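A short write-up of the structure that comes next.
The values are calculated or read from the model by the stated rules, or taken from the named source; none is laboratory data. Small disclaimer: the values here were computed from a predicted structure and weren't measured. Note that we place each Cβ from the backbone using ideal geometry, even for glycine, and neighbour counts take in every protein chain shown. For accessibility, only protein heavy atoms count, side chains too; no ligands or nucleic acids. Shrake-Rupley method; radii C 1.70, N 1.55, O 1.52, S 1.80 Å.
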Amino acid sequence: MSFEVPATMRAAVYRGVDDVRVERVPVPEIGVGEVLVRIDTCGICGTDLKKIHTGSHSAPRVFGHEMAGTIVKVGDGVTGFAVGERVMAFHHIPCGECFYCRKKTFAQCETYKKVGTTAGFAAAGGGFAEYIRVMDWIVATGGLVKVPNDIPFEQAAFIEPLNTCFKAIQLLELEPDDTVLVIGQGSIGILLAALAKRTGATVLTSDMYAERHAVAAQYGLDRPLDARGDVVAACRAATDGRGADVALVAVGADALIAQAMDAIRPGGRVMLFASTQHGTAAFDPAAVCMDEKTLMGSYSASVAIQEEGIQLVFDGYRDGTLDLTKLISHRFSLEDAVKGIELASHPVADSMKIVIQPSGGTPLV
C-alpha cells in the first residue's frame with residue numbers, strides 16, 4: 001500500500017497570543033526511525049488552549065496532541081509498523097531510566113518533557129494539521145499505538161486523555177465504600193467520574209449545566225449535583241454528615257479548591273486535575289494539619305498503565321460501557337479550526353469534547 005503525500009498541507013498555526021491561523025505549510029520530512037501520520041481526528045485539550053491564550057510557548061507552532069490517523073510514510077529502520085496502518089501517537093514518552101522514571105513520576109522526566117510529534121516548526125504535538133511527523137524515540141519505545149479496524153479514530157483519539165484520567169484514579173486507590181465528588185462535568189470530568197465509578201465507589205458529579213449531567217448519565221453517573229446549589233451540604237447529606245472521601249477538581253478554577261476541601265471528610269483527599277496555571281489559592285492549613293486532609297495532584301499520562309488504558313478504550317467501545325465518541329459535541333474541519341478553538345475556549349451548556357478533523361467535520365451551526 002502506498003499514499004501520495006503532497007508537498008504542502010493545511011495547518012492551524014499558532015502565531016502569537018490568541019492568534020491561530022489556518023495556513024498552508026510544508027509537510028514535515030521524516031528521518032531514520034520516524035513515521036509520517038495523516039491525521040483523521042484530533043481533540044482540543046485544555047492545555048492547548050492555555051498555550052494559545054497565555055503565550056507560554058514561542059511562535060510559530062502547531063498544537064494538538066489527542067490524535068489518531070493513518071501511517072502514510074515509514075522511515076528507514078522502522079520495524080513493526082507499515083504504511084496504511086491505523087495508529088494513535090503519544091506526544092510524550094519518558095526515558096524509563098532517570099530518577100523520576102524510577103519513582104514512576106514520569107511526567108517529571110526530562111525526556112518526557114520533550115515533545116516527540118510535530119507538524120513542523122518547534123515540536124508542539126501537531127495534531128491541528130493534516131500530517132504529523134512522529135519522532136524516533138516515540139516510535140521505538142511504545143508511543144505509537146496500533147488501532148484495530150473496529151475502533152473509530154474518534155474513539156482512539158481519547159487514548160491519551162483517558163490515560164491521564166486513569167492515572168489520577170489509580171493514584172487514589174479508591175475502594176468500593178468510598179464516596180467521590182467530581183467537580184466539573186466537561187469531557188474530562190465525565191471521564192474521571194466514569195473511571196471512578198468502575199472501582200465500585202459512589203460518585204457524585206457537580207456541574208451547573210443540566211445538559212452535561214445528561215451526557216454523564218449515559219456513563220451510569222446518576223448522582224448529579226447542581227453546582228449552583230450547596231455542593232458541600234449535598235456531599236455531607238450523602239455520607240451521614242461526614243463529607244466525601246475524595247474530591248476531584250476537574251475545573252481550572254482556584255476558588256473551587258476551597259469548596260473541595262470543605263466537601264471532604266476529615267482524612268479525605270482532594271485531587272487537583274486541571275490546575276495547570278501557576279497562581280495562588282486560599283485554603284485552610286488547619287484542615288490539612290488538624291483534619292488530616294490531603295491536597296494532591298495528578299498531571300499528564302503514565303506509561304506504567306498505558307496498555308491497561310489502551311484496552312479500556314478499545315474494550316469500552318466494543319461493549320458500549322465506555323463509548324467515548326458520545327463525549328464529542330462538535331466536529332470542525334481544519335478550515336474551521338479557529339472556530340473550534342474559540343468554542344472550546346468559551347464553552348457553552350451543550351459543548352463537550354471538540355475535535356478537529358482535517359478531512360471534514362461538522363462545524364457549529
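Being surrounded by 14 or more Cβ atoms within 10 Å (Cβ to Cβ), within 27 Å of Asp40 (Cα to Cα), at pLDDT 95 or above and touching a Lys or Arg at 6+ places or on another chain (Cβ under 6 Å): is that true of Leu334 here?
On the way: surrounded by 14 or more Cβ atoms within 10 Å (Cβ to Cβ): yes; within 27 Å of Asp40 (Cα to Cα): yes; at pLDDT 95 or above: yes; touching a Lys or Arg at 6+ places or on another chain (Cβ under 6 Å): yes.
For Leu334, the condition - surrounded by 14 or more Cβ atoms within 10 Å (Cβ to Cβ), within 27 Å of Asp40 (Cα to Cα), at pLDDT 95 or above and touching a Lys or Arg at 6+ places or on another chain (Cβ under 6 Å) - is met.
Looking only at the range 1-17, how many residues end up being open to solvent by less than 60 Å² (accessible area, probe 1.4 Å), out of contact with any helix residue (DSSP H, G or I) (no Cβ under 8 Å at 6 or more places or on another chain) and either closer than 15 Å to Phe128 by Cα or of a type in the set (S, T, N, Q) (or both)?
3
Could you tell me whether the range 219-235 includes any residue that is in a helix (DSSP H, G or I) and either under 23 Å from the mean Cα position of the chain (by Cα) or touching a residue at least 60 places away in the same chain (Cβ under 8 Å) (or both)? Give the derivation first.
As a first pass, look at the range 219-235 and keep what is in a helix (DSSP H, G or I): 231-235.
So of that shortlist, the ones also either under 23 Å from the mean Cα position of the chain (by Cα) or touching a residue at least 60 places away in the same chain (Cβ under 8 Å) (or both) come out as none.
No; the residues of the range 219-235 include none that is in a helix (DSSP H, G or I) and either under 23 Å from the mean Cα position of the chain (by Cα) or touching a residue at least 60 places away in the same chain (Cβ under 8 Å) (or both).
Can you name the residue in the range 317-337 that is assigned to a helix (DSSP H, G or I) and under 17 Å from the mean Cα position of the chain (by Cα) and is also nearest to Phe283 (Cα to Cα) among such residues?
Filtering the range 317-337 for residues that are assigned to a helix (DSSP H, G or I) and under 17 Å from the mean Cα position of the chain (by Cα), the one nearest to Phe283 (Cα to Cα) comes out as Leu327.
Give Gly316, Gly267 a once-over and let me know the one that is of a type outside the set (Phe, Trp, Tyr) and surrounded by 14 or more Cβ atoms within 10 Å (Cβ to Cβ).
Gly316
Would you check which residues across the range 113-133 are part of a loop (DSSP other than H, G, I, E, B) and either open to solvent by less than 10 Å² (accessible area, probe 1.4 Å) or closer than 10 Å to Arg61 by Cβ (or both) and list them?
If the condition is that a residue be part of a loop (DSSP other than H, G, I, E, B) and either open to solvent by less than 10 Å² (accessible area, probe 1.4 Å) or closer than 10 Å to Arg61 by Cβ (or both), then Val115, Gly116, Ala119, Gly120, Phe121, Ala123, Ala124, Gly125, Gly126, Gly127, Phe128 are the ones that fit.
Condition check: touching a His at 6+ places or on another chain (Cβ under 7 Å) and more than 19 Å from Val145 (Cα to Cα). Does Lys51 satisfy that?
On the way: touching a His at 6+ places or on another chain (Cβ under 7 Å): yes; more than 19 Å from Val145 (Cα to Cα): yes.
So Lys51 passes the test.
Give just the number: which of (1) within 30 Å of Ile151 (Cα to Cα); (2) under 20 Å from the mean Cα position of the chain (by Cα); (3) open to solvent by 70 Å² or more (accessible area, probe 1.4 Å) does Gly309 not satisfy?
(3)
Checking the condition open to solvent by 10 Å² or more (accessible area, probe 1.4 Å), under 18 Å from Ile341 (Cβ atoms) and not aromatic (Phe, Trp, Tyr), which residue from His57, His92 passes? Quick ask: steps written out before the conclusion?
Details: His92 fails: under 18 Å from Ile341 (Cβ atoms).
None of the other options fit; the residue is His57.
Mind checking which residues of the range 135-165 are closer than 19 Å to Leu334 by Cβ and open to solvent by less than 20 Å² (accessible area, probe 1.4 Å)? Full working, then the answer.
Start the filter on the range 135-165 by keeping residues that are closer than 19 Å to Leu334 by Cβ, which leaves 152-154, 156-157.
Scanning the range 135-165 gives Ala156, Ala157.
Return the residue satisfying two criteria in turn: it lies in the range 187-219 and is charged (D, E, K, R) and in contact with a helix residue (DSSP H, G or I) (Cβ under 9 Å, 6 or more places away or on another chain), and of such residues it is most open to solvent (accessible area, probe 1.4 Å).
That would be Arg198.
Identify all residues within the range 68-89 that are buried (at least 17 other Cβ atoms within 10 Å of the Cβ) and β-branched (Val, Ile, Thr); write none if there are none.
Thr70, Ile71, Val72, Val74, Val78, Val87
Restricting the search to the range 150-185, which residues are in a loop (DSSP other than H, G, I, E, B) and either under 23 Å from Lys353 (Cα atoms) or among the basic types (Lys, Arg) (or both)?
First pass over the range 150-185, keeping only residues in a loop (DSSP other than H, G, I, E, B): 150-152, 157-158, 173-178, 184-185.
Once the filter is applied, which keeps residues that are in a loop (DSSP other than H, G, I, E, B) and either under 23 Å from Lys353 (Cα atoms) or among the basic types (Lys, Arg) (or both), the range 150-185 yields Asp150, Ile151, Pro152, Ala157, Phe158, Gly184, Gln185.
Can you tell me which residue among Ala282, Ala344, Ala253 is open to solvent by less than 40 Å² (accessible area, probe 1.4 Å) and in a loop (DSSP other than H, G, I, E, B)?
Within the list Ala282, Ala344, Ala253, the selection yields Ala253.
Restricting to the range 18-45, name every residue that is open to solvent by 50 Å² or more (accessible area, probe 1.4 Å) and either hydroxyl-bearing (Ser, Thr, Tyr) or modelled with pLDDT under 95 (or both). Spell out how you get there, then give the answer.
Of the residues in the range 18-45, the ones open to solvent by 50 Å² or more (accessible area, probe 1.4 Å) are 18, 21-22, 24, 26, 29, 32, 38.
Those that are open to solvent by 50 Å² or more (accessible area, probe 1.4 Å) and either hydroxyl-bearing (Ser, Thr, Tyr) or modelled with pLDDT under 95 (or both): none in the range 18-45.
Please go through the range 263-279 and pick out each residue that is in contact with a strand residue (DSSP E or B) (Cβ under 9 Å, 6 or more places away or on another chain), of a type outside the set (Ser, Thr, Tyr) and outside any strand (DSSP E or B). Working first, answer last.
Let us first name the residues in the range 263-279 that are in contact with a strand residue (DSSP E or B) (Cβ under 9 Å, 6 or more places away or on another chain), namely 263-265, 267-275.
Within this subset, residues satisfying the condition of being of a type outside the set (Ser, Thr, Tyr) are 263-265, 267-274.
Ala263, Phe273, Ala274 - these are the residues of the range 263-279 that are in contact with a strand residue (DSSP E or B) (Cβ under 9 Å, 6 or more places away or on another chain), of a type outside the set (Ser, Thr, Tyr) and outside any strand (DSSP E or B).
Can you pull out every residue in the range 285-298 that is hydrophobic (A, V, I, L, M, F, W, C), surrounded by fewer than 14 Cβ atoms within 10 Å (Cβ to Cβ) and assigned to a helix (DSSP H, G or I)?
Ala286, Cys289
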